[in-house]
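Heads up, the thing below is written out as structure tokens.
The values are calculated or read from the model by the stated rules, or taken from the named source; none is laboratory data. Just so we're clear, the structure is a prediction, and the values are computed from it rather than from any experiment. Methodologically, a virtual Cβ is constructed for each residue, glycine included, from the backbone with ideal geometry; neighbour enumeration extends over all protein chains shown.
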């Protein structure tokens, strides 16, 4: 248990940051799942549209520190490659 005023405030801040990060991570995963589902159905246009929405969400998550920047770039690269292969 926190004993000092500053420690109590830190607990409040951590709880708030955790809630914000959880919401951002959830949004990111939802958008990535939509791209995966579009790829699975084989619809190139739908997959590209889903990727166009997921890209900024994924990069924003990296910028905000929810995921590492290299992780976001790797995921984006792999999804883009799969969507392009689907279009051909």
Taking first residues from region 57-68 that are without any contact (Cβ under 8 Å) to a residue 12 or more places away in the chain and second residues anywhere that are assigned to a loop (DSSP other than H, G, I, E, B), the pairs with Cβ under 8 Å that are 6 or more apart or on different chains are 62/68
Some residue of region 9-25 being closer than 27 Å to residue 85 by Cβ, modelled with pLDDT of 95 or more, in a helix (DSSP H, G or I) and under 21 Å from the mean Cα position of the chain (by Cα): no
Considering only region 72-87, I want to know if a residue exists there that is touching a helix residue (DSSP H, G or I) at 6+ places or on another chain (Cβ under 9 Å) and modelled with pLDDT under 95. yes
